[in-house]
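The values are calculated or read from the model by the stated rules, or taken from the named source; none is laboratory data. Just so it is clear, the model here is predicted, and its values are computed rather than measured. Please note: Cβ atoms are built from the backbone with ideal geometry, for glycine as well, and neighbour counts cover all protein chains shown.
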Amino acid sequence: MVSEWLSDALAIYNDESHNRREEYVAQIHFPSHLLEKILDWAFKALPDEILVGLDVSNKRNIVSVETDFKGENEKQKLFAGQGFQINEAVMVNRGNEFSVHHLPEEWTDEIFGSDRGPRAGRFTHWLHTHPNCPAIPSEADADAAQSTDGIDMILGIEFSPEGPLPWFDDVEGERRIIGEKSVFKRNDKRNILGIAPTGHRIHSLELIAFHKAGLGVNVVFVDKNGEAY
């Protein structure tokens, strides 16, 4: 079970995923307990970005859930791991927008390391964070995605105090909010989802997924049993 606020936020996100299913050519089912783990890593790393590798099991997504979120233009065999449940998340790197996509040396040597399996630093999907920046792919993100066999995801985190990273809201691209967008007021009393271990106030979260060809992928949040919120 994930925390109540996150469960409610994911249900709102899934409603939008269902209503807009015709806008996407594929879907990916994201386990809520893994997202909660990633959020914990991300909040502890603020204001840095983090890079997370995601792998899939041999268990397929629940067919009825896939059917509910399937659009008429959905493409099969678009990316590696399509249709299979994500079962692993590993934080691989921490840094800024210029360094976070590079794999540290410990993730590229000892190919048969027992703690990482035979693929070492190779993961099916990748997720990285955008501290105080909307979850919209940058040119560097698009370039990094070209070596991804699965799909790439971006988690945008709006927080304060902002420091040298003020929130940039005027960015062109598809925005998907987890929960409801925080409201700006003149005295900056925005909604607060919680306080990070670093002392930052978390105001809102965004998540998008995309294929290296530039196609948007619909994210569906599921519980440990694979059922949608």
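One residue stands out among those in region 92-132 that are among the charged types (D, E, K, R) and part of a loop (DSSP other than H, G, I, E, B): the one that is modelled with the highest pLDDT, which is 97. Residues in region 191-229 that are in a strand (DSSP E or B), more than 18 Å from the chain's Cα centre (by Cα) and not charged (D, E, K, R): 194, 195. Scanning region 1-51 for residues that are without any contact (Cβ under 8 Å) to a residue 12 or more places away in the chain and either crowded, with 22+ Cβ neighbours inside 10 Å or part of a helix (DSSP H, G or I) (or both) returns 4, 15, 19, 40.
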